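*Asks:* For reference, the structure I am asking about is given below.
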Amino acid sequence: MSTVTVRRTRRALVLAACAALAATSCTALNSASPTAELAAKAPIPASAARHGAGGANTAQVVAAANAFLATLSDEQKDTALYDFDDAAKKTGWSNFPTPVVARNGLKLGDLTDEQQAAALKVMEAALSKKGYEELVEIRKADDYLASLPPRTPTPPTGTPTATPTGGGGRPPGGGGANFGSQWYYISFFGKPSRTGEFTVQYGGHHAAYNLTYAGKNVSISPTLTAVEPMQFDWEDMFYAPLEDKRTATIGAIQSLTADELTAAEIDGSFDDLYLGPGHDGPFPAQPEGVLVSSLTKKQRAKVTAMLRAWVDDLDEKAAGRLLTKYVSQYDKTYIGWSGGTTLDNNQTYVRLDGPSAWVEFSNQPGASTDGVHQHTIFRDETADYGWK
């Protein structure tokens, strides 16, 4: 039986139960009635309260999600909604173009203009102004790539200590039909609720957002942001997605002294992310690099600026609280590098590894264009895909 058939069967059973319990005002699966609201409530995991920092704008995200779901047909809802613990959550995201790795949920290009706008409102509510603008710019980069003719990709160089993201090298290079802002998908794992636990998953080529909510707690782990090329002109506008992440990362690693750089070098070489799509762990048992708390105040400020470039993609209040938590753990947080420390080196790899925060910045040879492009990932070791 297919996944869609299972969901339709579940929906039919719920609707039948609602009909049998009409006296209790149970009217529909996604009803706003008191009974449906009560059914949506679930206890917040103790680990979320322990590891979360609070401050999430959950109510706004739930309102935007419900407004989007209200624009969908029953069949579309079946495609967009998953059980919270569905294993598809971990496999339905990548840095590869969507035709290469299938995504979960609804393709934006298949939606009406009204539905697309409502879907983007969910992400606009979940992210900060800066974070949402970055998402828009990554989509613009895909439109730019779609305008390019196909080309033979540059083979990956170097040998990572783990299989490269996506497993087995790069997809065919160039532009064309495999790229474009229409190839982005949105899905929900768990019913959007102010009290229960649910995940908003959104992504396509070079972007993957997994935003999990539990009451006032939110996790953005894992979130992949990447771009090719680093800069481009499109429709009379200039774009430079991830500029803050590039500047802050290179600034942090280049602030180290020569002796600190020697101590911070990570064993092995990396031609992609260590914990990217398809590689959810384990996190390294022994961190590599130099201890952030051993650095000068000026150096620590640069590390904080690097960390902020990822955390600040989240809604502002929650981002501030999470950043405070991550900075408080600098006595157990390490920064390291491999391959190079400059932006023009396609082997440059920088990592931040703490008790909670995990950041990777990986330069890549051009796959569809000449020059360098980046893959980056943010994870929270205590809240990956939510809280354990």
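The values are calculated or read from the model by the stated rules, or taken from the named source; none is laboratory data. The shown structure was predicted, so the numbers you read here are calculated from the model rather than taken from an experiment. Here the Cβ is made from the backbone with ideal geometry for all residues, glycine too, and neighbour counts use every protein chain on show. What goes into the accessible areas is simple: the full protein's heavy atoms, side chains included, and nothing from ligands, DNA or RNA. Shrake-Rupley method; radii C 1.70, N 1.55, O 1.52, S 1.80 Å.
*Asks:* Considering only the stretch 373-388, state which residues are buried (at least 20 other Cβ atoms within 10 Å of the Cβ) and either more than 23 Å from Gly281 (Cβ to Cβ) or of a type in the set (Lys, Arg) (or both).
*Replies:* Result: His373, Arg379.
*Asks:* Return the only residue of Trp93, Trp183 being at pLDDT 90 or above and closer than 19 Å to Arg379 by Cα.
*Replies:* Trp93
*Asks:* Take Gly190 and tell me if it is modelled with pLDDT of 95 or more and touching a strand residue (DSSP E or B) at 6+ places or on another chain (Cβ under 6 Å).
*Replies:* When the stated conditions are applied, Gly190 passes them.
*Asks:* Also: Which condition does Thr348 not pass, out of (1) within 27 Å of Phe179 (Cα to Cα); (2) surrounded by fewer than 21 Cβ atoms within 10 Å (Cβ to Cβ), if it passes all the others?
*Replies:* Failing condition for Thr348: (2).
*Asks:* Another question, if that's okay. Going through the stretch 233-247 one residue at a time, which ones are surrounded by fewer than 20 Cβ atoms within 10 Å (Cβ to Cβ) and assigned to a helix (DSSP H, G or I)?
*Replies:* Glu243, Asp244, Thr247
*Asks:* Now for a different question. Here are some residues: Ala305, Ala318. Which one is touching a Gly at 6+ places or on another chain (Cβ under 8 Å), assigned to a helix (DSSP H, G or I) and open to solvent by 30 Å² or more (accessible area, probe 1.4 Å)?
*Replies:* Ala305
*Asks:* Could I ask something else about it? Return the pairs, sorted by first residue and then second, in which the second residue is surrounded by 24 or more Cβ atoms within 10 Å (Cβ to Cβ) and among the aromatic types (Phe, Trp, Tyr), the first residue lies in the stretch 215-238 and is farther than 24 Å from Val311 by Cβ, the beta carbons are less than 9 Å apart, and the residues are 6+ apart or on different chains.
*Replies:* Sorted first by the residue in the stretch 215-238, then by its partner, the list stays empty.
*Asks:* Quick one: is Thr333 surrounded by fewer than 23 Cβ atoms within 10 Å (Cβ to Cβ), polar (S, T, N, Q) and within 21 Å of Asp259 (Cα to Cα)?
*Replies:* no
*Asks:* Also: Would you point out which residue out of Ala117, Ala87, Ala48 is buried (at least 19 other Cβ atoms within 10 Å of the Cβ) and not charged (D, E, K, R)?
*Replies:* That would be Ala48, the only listed residue that is buried (at least 19 other Cβ atoms within 10 Å of the Cβ) and not charged (D, E, K, R).
Residues are listed down the side, and each one gets a yes or a no for (1) at pLDDT below 50; (2) over 22 Å from Lys216 (Cβ atoms); (3) in contact with a helix residue (DSSP H, G or I) (Cβ under 6 Å, 6 or more places away or on another chain):
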{"residue": "Thr24", "(1), (2), (3)": "yes, yes, yes"}
{"residue": "Ser33", "(1), (2), (3)": "yes, yes, no"}
{"residue": "Ala40", "(1), (2), (3)": "yes, no, no"}
{"residue": "Gly52", "(1), (2), (3)": "no, no, no"}
{"residue": "Ala65", "(1), (2), (3)": "no, no, yes"}
{"residue": "Asp78", "(1), (2), (3)": "no, yes, yes"}
{"residue": "Ala87", "(1), (2), (3)": "no, yes, no"}
{"residue": "Gly105", "(1), (2), (3)": "no, yes, yes"}
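*Asks:* Return the total of residues in the stretch 251-278 being at pLDDT 95 or above and open to solvent by 20 Å² or more (accessible area, probe 1.4 Å).
*Replies:* Total meeting the criteria: 12.
*Asks:* Taking Gly366 as the residue in question, decide whether it is at pLDDT below 95, open to solvent by 40 Å² or more (accessible area, probe 1.4 Å) and touching an Asp or Glu at 6+ places or on another chain (Cβ under 8 Å).
*Replies:* no
*Asks:* Could you name every one of the helices (runs of 4 or more DSSP H) located completely within the stretch 58-134 that has at least 1 residues being of a type in the set (D, E, K, R)?
*Replies:* In the stretch 58-134, 74-80, 88-91, 113-126 are the helices (runs of 4 or more DSSP H) which contain 1 or more residues that are of a type in the set (D, E, K, R).
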